[in-house]
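The next block holds one structure in the form of structure tokens; read it before the comments.
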Amino acid sequence: MAETGKRATARAHSNIAFVKYWGNRDRRLRLPANSSISMNLSSLHTTTTVEWRDQFTQDNLTINGSAAAEGARRRVQNHLDALRARFEIDAFARVDSQNNFPMGTGIASSASAFAALTLAAVSALGVQIPEHEMSRLARLGSGSAARSIPAGFVEWHAGDSHEASFAESFAAARHWDLVDVIAIVSREHKRVGSSAGHETAASSIFQSARTATAPERIRSAKSAILRRDFERFASVVEQDSNLMHAVMMTSAPPLFYWAPLSLRIMQAVRRWRQEEGLEVCYTLDAGPNVHCICRAGAADAVANRLRGLSQGLAIASSPVGPGAYILPAV
Ligand code: DP6
């Protein structure tokens with residue numbers, strides 16, 4: 001039995017996938033259809049305090065100082081239920097979560113949120129568990145959160161059981177000076193979020209081809225990262241993003257996440273790389289924002305060129321980040 005009556009504060013960083021997670025083989029356990037790889041984003045993080053108390057009569061969640069919306073509250077409560085079952089407690093929790101990136105920019109992600117929540121909740125119980133186990137537990141809240149537990153460049157092993165599905169680091173953050181320069185094409189809340197999208201993935205005839213070839217892209221992208229081979233890295237990352245969006249567009253119902261400006265940016269990024277030798281490539285998640293991955297030395301040039309494509313375009317930028325960690329009590 002774990003103790004209650006304690007609190008802890010944890011910080012976790014968002015991550016951007018280079019080989020994407022899209023579709024689950026087990027929805028309840030969030031066992032993904034394929035393994036994925038990503039890097040953490042040091043500038044985008046969630047800081048969460050969890051306090052468990054036997055006297056609380058329900059779970060309570062605030063996000064950026066305000067009571068959370070019903071959907072978010074229910075999802076956090078489900079995750080706390082999974083942790084209560086795992087650690088054999090029945091106390092409720094008070095959860096306060098702060099994102100350092102503005103909400104509603106479309107770059108907010110459940111990855112940093114569920115990684116920070118899991119680490120804070122477990123630490124507040126005073127129990128010590130290995131990183132693999134922390135990653136497995138974070139996965140139950142949001143698949144991509146499994147990848148925000150370990151540091152730097154990370155692989156999430158799909159696995160075919162709860163035990164076998166966790167993420168681990170394969171290179172430290174300092175290994176390669178990549179930067180994610182994010183073109184914020186739309187601030188609108190996405191109409192179909194990732195959780196709903198995962199459920200439609202199998203309806204595309206391309207999903208089985210995408211998942212069957214994912215191990216080869218994982219090998220190729222990992223080896224390009226380990227050798228710091230940008231050309232090879234760029235071609236795998238762009239292909240994998242295109243493959244995921246091909247699945248999305250051919251699912252029933254189809255999901256079109258690209259905006260006209262997203263496509264203009266994607267074409268410009270390829271031109272800058274292939275014709276002008278700028279080390280940059282693109283990848284897009286379940287939304288129209290374009291993540292332009294480049295070497296640190298090219299980040300200012302990439303941001304300036306993006307602004308040149310669309311006046312007033314908002315841009316966020318982040319180097320490679322650490323894994324999730326506990327903050328000292330205040
Ligand atoms: C397109 O982890 O957000 O960003 O497990 O339902 O929370 P849930 O989904 P989520 O899916 C991420 C999908 C993606 C690709 C990726 O990050 O690998």
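Every number here is computed from the coordinates shown, using simple stated rules; none is lab data. All values reported here derive from a predicted model rather than from experimental measurement. Glycine also receives a Cβ, built like all others from the backbone with ideal geometry; neighbour counts cover every protein chain displayed.
For region 253-330, the relative contact order comes to 21 percent (Cα pairs under 8 Å, sequence separation of at least 6).
Relative contact order, percent, of the chain when contacts are C-alpha pairs under 8 Å separated by at least 6 residues? Relative contact order comes out at 25 percent.
Annotation: extensible slack from residue 309 through residue 43 equals 93.3 nm (criterion: 0.36 nm per residue apart, minus Cα-Cα distance). With Cα atoms defining each centre, region 255-313 and region 150-221 are spaced 19 Å apart in the structure. Assuming R0 = 45 Å, can you tell me the calculated FRET efficiency for the pair residue 188 and residue 6, based on Cβ-Cβ distance, to the nearest 0.05? Calculated value: 0.70. Under a Gaussian network description of the chain, with springs only between Cα atoms under 10 Å, the residue in 144, 235, 161 that fluctuates furthest is 161. What are the residues whose amide H is under 5 Å from the amide H of residue 323, where those residues sit 5 or more places off or on another chain and H is modelled from the backbone? Close amide H contacts, sequence-distant or interchain: 151, 152.
With the convex hull of the Cα atoms taken as the outline of the chain, the averaged projected area works out to 16.1 nm². Largest GNM mean-square fluctuation among 55, 239, 207, using the chain with Cα springs under 10 Å: 55.
Under the combined filter of DSSP loop state and at most 10 neighbouring Cβ atoms within 10 Å, region 133-200 retains these GluC sites (Glu not before Pro): 163. Going by neighbour counts of Cβ atoms within 10 Å, the residues 309, 140 line up, fewest first, as 309, 140. By the count of neighbouring beta-carbon atoms within 10 Å, fewest first, 266, 249 end up ordered 249, 266. Coupling constants for region 159-168 follow from the phi torsions by the Karplus curve (6.51 cos²θ - 1.76 cosθ + 1.60, θ = phi - 60°), and in residue order they are x, 10, 8, 4, 4, 8, 10, 8, 10, 8 Hz; glycine and proline get x. Under a 5 Å amide H cut-off, with hydrogens placed 1.01 Å from N, residue 182 pairs with 292, 316, 317, 318 among residues at least 5 apart or on other chains. Ignoring lysines fewer than eight residues from residue 222 along the same chain, the ones with Cα atoms less than 17 angstrom from its Cα are 20. Axis angle, to the nearest 10 degrees, between helix 260-276 and the longest C-alpha principal axis of the chain: 60 degrees. Helix 131-141 and the longest principal axis of the Cα set of the chain meet at an angle near 90°. Under 17 Å from a point 7 Å along the Cα-to-Cβ line of residue 300: which residues of region 269-284 have their amide N that close? Residues passing the 17 Å test: 278-279. Dividing the summed -39500 (n - 2.57) terms of all DSSP H runs of n ≥ 4 by the residue count of the chain sets its mean residue ellipticity at 222 nm at -12000 deg cm²/dmol.
Subtracting the Cα-Cα distance of residue 212 and residue 196 from 0.36 nm times their residue separation leaves 3.6 nm of extension gain. Rounding to the nearest 10 and keeping the result within 0 to 90°, find how far the Cα-based axis of helix 207-227 lies from the longest principal axis of the chain. Approximately 80 degrees, to the nearest ten. For residue 101, nonlocal amide neighbours, meaning residues 5 or more places apart or on other chains whose placed amide H falls under 5 Å from its own, are 45. If R0 is taken as 56 Å, the Cβ-Cβ distance between residue 205 and residue 57 corresponds to a FRET efficiency of 0.65. A full extension of the chain between residue 27 and residue 177 corresponds to an added length of 50.5 nm, given 0.36 nm per residue minus the alpha carbon distance. Taking 24 Å as the straight-line reach from the Cα of residue 6, none of the lysines fall in range once those fewer than 8 positions away in the same chain are excluded. Taking 18, 153, 87 in turn, the Gaussian network model of the chain (Cα-Cα springs below 10 Å) assigns the largest fluctuation to 87.
Across region 96-101, computed HN-Hα scalar couplings (Karplus, 6.51 cos²θ - 1.76 cosθ + 1.60, θ = phi - 60°) run 10, 10, 10, 9, 8, 9 Hz from first to last residue, x flagging Gly and Pro.
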